[in-house]
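Peer 1: The structure's right below; bear with me while I get my questions together.
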Amino acid sequence: MAEYKTVEKDSTLSHAAPAGDDGVAGVSALVAAEPALAGSFAHSRLLDSVAAFTHHRDIAALDHSLALSLAELTSARSVTLAKWAIDGAYVESVVRCVPDAQGAYQLHAADPDRADPALNLLHRCMHRLEVQTERVHDLHRLVVPILCDGRAIGALQLDSDMPPAASRPLADGFARIYANYTALLHESERDKLTGLYNRRSLERQLQRLLHQREQALHQAAMARPEPHGQPGAPTAGAAQVWLAILDIDHFKRINDNYGHIYGDEVILLLAQQMRACFRRSDVLFRFGGEEFVILFGATEQATVHTVLERFRQRIAGHVFPQVGSVTVSIGYAGVGDHDYPASVLDRADKALYFAKQHGRNGTYGYESLSARGLLGREMAAGSIDLF
């Protein structure tokens, strides 16, 4: 395709290329032949791209911006970013950037569980922690690992007309910047003990889920046109967002009887159970101390109750080292499209408080309790600090 010209990009990349790479001499010759103004413009584009993608404070937006920036700078046919889950047990997300029929780049989130032969080299790169290359028809495929503290947190795959010697310096550089920047973001938005999101991340994650719901409702409406050709009204097909607060029962007693080391171990093991029980799309938080929050989507309240009750029973049946039996109380509430985080937290906390006042080790929903008249206006606030 005519739009995939790489002379300017090749010349820019050669400055960072390792001395032993094949093809560097030819690329360097192009640099020497280029006018200084063209070289300055290329460097300006590179700096603008780095500034643009490091502007984001949200990991998902950062992922998209990284793939788009690399694609635009290299005129790639495809750029794919894959990331391991925080515990390294599975591939958590795959984002692909490809040009449409008009040559404009479009971003797509791929299913990380779907078997895709085009990603085989990417998986090999993440396991071996080494750069991988191959030729696919008329394209060069380059995959570089994204490393943090000696382990792979993901990989970047670049399919382009550029030979790997020319594209690797830029891909390597972006991978290093991304690894360093995401480490800073994780430091600010993750709980240090469990690796779950912290309370500072709640509003951003809640808005993200509500935005996904809005998009799903819009797509459902456009897919059901009325007979006169107008889009149908949104239906109940999109999952509602729900917020649950989980609190470890008698946690102070655990700390007093066994010490804070075993208390921290209970918190850590509980977080591991949460990851094992809930879906990858569910967002898990440690709010501080023994309190946790879960954000997830479900179309029916009965489904929400079943999922949370199953987790409560799972914890009640788990044997914690030294401590033995541990139970949790859970309160949950639906999130309105225009809810403030403090409002929905307050509703879920009232349900949690009801659970604490009625024997603990239970699961209660605000909507159900309210409909049955079990939540009086005079009811005291629960234990969670809102904001």
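Peer 1: Distance check, please: which entries in Lys192/Lys252; Lys83/Lys356; Lys83/Lys192 exceed 28 angstrom between their Cα atoms?
Peer 2: On the way: Lys192/Lys252 20 Å; Lys83/Lys356 39 Å; Lys83/Lys192 20 Å.
In this structure, Lys83/Lys356 exceed 28 Å between Cα atoms.
Peer 1: Let me test this: with uniform point scatterers at the alpha carbons of segment 261-331, what is the Debye-based log₁₀ I(q)/I(0) at q = 0.13, 0.16, 0.24 1/Å?
Peer 2: Per q value, in the given order, log10 I(q)/I(0) is -0.38, -0.57, -1.22.
Peer 1: A follow-up question, please. Classify segment 95-220 from the C-alpha gyration tensor, please: rounded if a/c falls under 1.5, else prolate or oblate depending on whether a/b exceeds b/c.
Peer 2: On the way: a/c = 2.18, a/b = 1.29, b/c = 1.70.
Since a/c reaches 1.5 but b/c is at least a/b, the shape of segment 95-220 is classed as oblate.
We did not get these values from a lab; they are worked out from the coordinates using the rules stated. Computed from a prediction, not measured in an experiment: that's the story for all the values here.
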